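This report concerns only the one structure given below.
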Amino acid sequence: MKLLQTTSWRCCRRAFTIVELLIVIAICGILMALLTPAVQNTREAAREVQCRNNLRQLGAATANFESVHGFFPSNGWGFLWIGDPDRGVGPKQPGGWIYHLLPHIEKAGLQKMGAGQPSPSRAAEPGRLCENTIPTLQCPSRPDNGPSTLNPVLKFRNALVPANVAKTHYAINEGDFITNTDGGPVSLVQGDATGYRWTDTSKATGVSFLRSTIRPRDIRDGLSNTYLIGEKNVSTIGYTSDVDAGHDQPLYCGVDLDTTRWTHQVPVPDGPASKVRRFGSAHRAGTFFVYCDGSVRMVSFRVDSTAHRNAGTRAGGATAN
C-alpha cells in the first residue's frame, strides 16, 4: 500500500505553470534590459579609447613631420587634387595634410604610388591610392570603416578616381575663418606659374590650410591651447554614401570639407543632417581633439562657443581655458 502511494505521488508531480514561465521570462527580460546598456557603455568606452589613440598617433606623426620639415603639414591645392608622389611637401604638394603625413604613420609605400611614372599612366596610380583605407583615420564608433561612394560629379585634375574611395573621420583645424578654397588650378603647370591667383588665405587663423607652412612659433596662443586635428561631424545617412558633402571625397585630396573643419561653431553629435564645416563625433558626450602639443582631450558638445573658437586660432590672443 505504501508503495502504491509513493508511486502515485511521483506520477502526479506538476510541471511549471504558464504563470511561472511568464514570471521567469519577465525576470530574464528585466536582467537583459539592465545588462544591455552596461555592455553598450563598456563597448563605447573601448571605442573612445581607440579613437583617442588614433588622434594621439596623428599628433605624434605631426610632431615628427614638423621636426623634419620645420612646419606643420600643408593642406594642398584644393579639393580636385590628389597627392603627387614627385612633388615633395609644402606649397608644391597638391595633396592635403593626410598625404603629407603618410610616411609618419608608417604608410610611406602609399605616398610612393606612381612615383617617377610617365604621364600616360600617372593618373591611374593616385586613383588606386584612393581605395586604401587607413585605420588610424577611422573612428570605431562609426560603421563606415571601408571605402564608400565618391561624389560622382567630381573630376580630379591629376587622378582617375574610382567609384568607391577611402575616407577620413578626422579633420585638421583651419581656424575660425572660412577661406572657401576652390578646386585649385587646372594643371601642375598653371599651379607652378607665378601669375596664378590662389584663393586668399591671409585671414586663415588655424594651423593648416591651402599651401600653408605654419611653424610652432606662429602659434602664439600656445601649443597646448590650440587644436591641431579633431573628429569631424558626419551625418548618419552619409556614413556609407556620398550624400554628405563633407564625407564624399577621398582622404588623400587637397583642402576640402572632407579633410578640414572650422571652429566658428561648436562641435555637434552626428545626426541625420549634414554639418559640413563643423567638428563633431558619434560619441556620447563630446569630440576628441589632439592639440598642437600632442595632448588629446575630449571637448564637450556643451563647450562655450567663444572658448571653442579661441582654441581654433593660433594667434587670437585668447585661450580656451
For this session: Only residues that are within 15 Å of residue 161 (Cβ to Cβ), open to solvent by less than 50 Å² (accessible area, probe 1.4 Å) and part of a helix (DSSP H, G or I): list them for the stretch 122-142, please.
Result: 124, 125, 126, 127, 129
Exercise. Does the stretch 28-50 contain any residue that is under 19 Å from residue 260 (Cβ atoms) and either at pLDDT below 95 or surrounded by fewer than 22 Cβ atoms within 10 Å (Cβ to Cβ) (or both)?
Worked result: no
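Condition check ((1) outside any helix (DSSP H, G or I); (2) touching a residue at least 12 places away in the same chain (Cβ under 8 Å); (3) touching a helix residue (DSSP H, G or I) at 6+ places or on another chain (Cβ under 8 Å)) across all residues:
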site: 48; (1), (2), (3): no, yes, no
site: 54; (1), (2), (3): no, yes, yes
site: 61; (1), (2), (3): no, yes, yes
site: 65; (1), (2), (3): no, yes, yes
site: 78; (1), (2), (3): yes, yes, no
site: 84; (1), (2), (3): yes, yes, yes
site: 95; (1), (2), (3): yes, yes, no
site: 99; (1), (2), (3): no, yes, yes
For this session: Sort out which residues of the stretch 187-217 are surrounded by fewer than 19 Cβ atoms within 10 Å (Cβ to Cβ), within 25 Å of the chain's Cα centre (by Cα) and touching a residue at least 40 places away in the same chain (Cβ under 8 Å), and write them in order of number.
Result: 199, 213, 215, 216
For this session: All but one of (1) crowded, with 24+ Cβ neighbours inside 10 Å; (2) modelled with pLDDT under 95; (3) hydroxyl-bearing (Ser, Thr, Tyr) hold for residue 241, so report the exception by its number.
Result: (1)
Problem set entry | Number of the exception - residue 249 against (1) surrounded by fewer than 16 Cβ atoms within 10 Å (Cβ to Cβ); (2) of a type outside the set (Ser, Thr, Tyr); (3) over 25 Å from residue 292 (Cα atoms) | (1)
Exercise. Do you know which of the residues in the stretch 112-134 that are at pLDDT 90 or above and touching a helix residue (DSSP H, G or I) at 6+ places or on another chain (Cβ under 8 Å) is nearest to residue 80 (Cα to Cα)?
Worked result: 129
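The values are calculated or read from the model by the stated rules, or taken from the named source; none is laboratory data. Predicted model only: the values in this text are computed from it and were never measured. Because the Cβ atoms are built from the backbone with ideal geometry, glycine has one as well, and the counts that use them run over all protein chains shown. Areas reflect the complete protein model, heavy atoms only, side chains present, ligands, DNA and RNA absent. Shrake-Rupley method; radii C 1.70, N 1.55, O 1.52, S 1.80 Å.
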